[in-house]
Amino acid sequence: MQSKRPTILFVTAFTVVFGFLTIATPLFATSKDELWYSFNGTDGSDPSGSLILDASGNLYGTTVSGGVYGCGTVFQLTPLPDDTWTENVLYSFNDNGTDGCTPIAFGGLVFDAAGNLYGMTASGGTGTGCVKRPCGTVFQLTLGPDSTWTENVLHSFTNNGTDGYGPASGLIFQSGWLYGTTEEGGTYDLGTVFQLVPGTKNGTWTETVLHSFNNTGEDGNSPTGSLISAGGKLYGTTQGGGAYSCGTVFELTPGTNGTWTEIILHSFNGDEEGAYPWAALTFRGRRLYGTTSDSGPYGGGTVFQLTRNDIKTKKRRIAWTETTIYGFNGSTDGSDPSGSLIFDAAGNLYGTTSLGGAYGGGTVFQLTPGAGATWTETLLYNFNNHSYPLGSLIFDAAGYLYGTTAGGGTYTDGIVFGFMP
């Protein structure tokens, strides 16, 4: 069984459908209650990643392509006093031999305490040894006193047998250091987990590969989801490898000598449990939640839960139990979930599927916990064909839900959407 992922770079026009009401997507929303911003290519195309919010309610994200040089953009959407929104392109990537190109399709941006933005590109940079393209970058955007943003490439990945390359996820901060994954590269060319530490002089950052996936035994390969941090440990997924070659959930624990130890918490079996977890995990209490993009009881992927048992095995490891809390049927209720999950205050889960739904273009769904550990799905939106909501959702302080689709919209270059669920 091979992993699958929809082709998103070239899409055709569509309209967005809510229930049975078809709504043409305007360039600017008429009200903040419903945000529908359509990209037109010059301001970016294929906004596949997740969004982030600042304290003022501005939305930030990336587009995979488009912009001045066709290599993608970093954009900002700002709510106006009349409840409309306006877009500002903060940066257009330029494949000029040093800059990055193609911001990560399934990741997103992250802020530091000073308001700087950080992210990764899948190609570009000065790295060498990667087939058909440079190897990708980690970048920083800094806001200047004249309200312009300046980019600084912090690291260019290189295919040199130790460094990773071809990142496919977003970054996280932990104690002022950046952590991320690459889908390829490392000692075994099966992907890495890396750390970037800022220096004390000249704004330089030093990269360290914390783990090279090796696909031996139960180890995974090809991590595409972002990491999460809890208790000083790092948690993530691989979309390949594991005991059944269908992906894993892993934990990395730091040691006293700068080394990190990996433990595989779960290997997916490709059957009832699902296969190929692409997205980041979500922690809630003593449990991890996530999605698999394929297989499951009905073939359309799953939402799963891993519960920590605090039972020591012979190897002194904590045991985790996997439960499939929902299986997508691959058709009307959604298929191929790609983004990570989020909770609301009441304990409901929200996510997207990149395909399926009433019109085949993906869904926004809600899972509500019930008696007997059962979960009930409600479809909040059904997208028309060629939409592909690939990134994760976010809530703002007022409870509005925001996300992106890689295709569709007025100009077929993708949209940012928002509504009150």
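Structural remarks
- In this Cβ point-charge picture (+1 for Lys and Arg, -1 for Asp and Glu), the chain has a dipole of about 1100 debye about its Cα centre.
- Taking 0.36 nm per residue of separation and subtracting the current Cα-Cα distance, fully stretching the chain between ALA397 and PHE173 would add 78.5 nm.
- 3J(HN,Hα) couplings calculated from phi for the stretch 406-416 with the Karplus curve 6.51 cos²θ - 1.76 cosθ + 1.60 (θ = phi - 60°) are, in sequence order, 6, x, x, x, 4, 10, 6, 9, x, 9, 10 Hz; Gly and Pro show x.
- Two-site FRET efficiency, ARG133 against THR208, from Cβ-Cβ distance with R₀ of 25 Å, rounded to 0.05: 0.55
- Cysteines without a disulfide-compatible partner [the chain; Cβ-Cβ under 4.7 Å]: CYS246
- On full extension, the segment bounded by THR253 and ASP344 gains 29.9 nm, given 0.36 nm per residue less the C-alpha separation.
- Two-site FRET efficiency, ASN88 against ALA371, from Cβ-Cβ distance with R₀ of 45 Å, rounded to 0.05: 0.40
- Calculation over all alpha carbon pairs of the chain in 20 angstrom steps from 0 returns a P(r) of 28, 60, 11, 0 percent.
- Amide H contacts of LEU90 (H built 1.01 Å from N, in plane; Pro and chain starts excluded): VAL74, PHE75, GLN76 sit under 5 Å, all sequence-distant by 5 or more or on other chains.
- Residues whose amide H falls under 5 Å from that of TRP278, counting only those 5 or more places apart or on a different chain, are SER293, with hydrogens built in the peptide plane.
- Dipole axis of the chain (+1 Lys, Arg; -1 Asp, Glu on Cβ), positive-most option in THR259, GLY57, PRO223: THR259
- Hz values of 3J(HN,Hα) by residue in the stretch 91-100 - Karplus curve (6.51, -1.76, 1.60), Gly and Pro given as x: 7, 10, 6, 9, 7, 10, x, 10, 6, x
- Close amide H pairs (under 5 Å, H built 1.01 Å from N) link LEU210 with VAL193, PHE194, GLN195, residues at least 5 positions away or on another chain.
- Positive-end extreme of charge dipole, the chain - chosen from GLN140, GLY399, GLY203 (charges on Cβ): GLY203
- Positive dipole terminus of the stretch 48-419, leading residue within ALA358, TYR188, VAL74 (C-beta point charges): TYR188
- Taking θ as phi - 60° and the Karplus parameters 6.51, -1.76 and 1.60, the scalar couplings of the stretch 218-227 work out to 9, 5, x, 8, 6, x, 10, x, 5, 7 Hz in sequence order, x denoting glycine and proline.
- Added length on full extension, which subtracts the Cα-Cα distance from 0.36 nm per residue, PHE283 to TYR298: 2.8 nm
- Protection proxy ranking, peptides 161-167, 337-343, average beta carbon neighbours within 10 Å, highest first: 337-343, 161-167
- Cα-centre dipole for the stretch 197-274 with unit charges at Cβ (Lys and Arg positive, Asp and Glu negative), debye to 20: 500 debye
- Note on THR200 and ASN40: with the Förster distance fixed at 35 Å, the Cβ-Cβ geometry gives a FRET efficiency of about 0.20.
- The fewest-to-most ranking of HIS155, HIS386 by surrounding Cβ atoms within 10 Å reads HIS386, HIS155.
A short reminder: the numbers here are calculations on the coordinates, not readings from a lab. It should be emphasised that the depicted structure is a prediction, and the values quoted were computed from it without experimental measurement. Note that each Cβ is placed from the backbone with ideal geometry, even for glycine, and that neighbours are counted across all protein chains shown.
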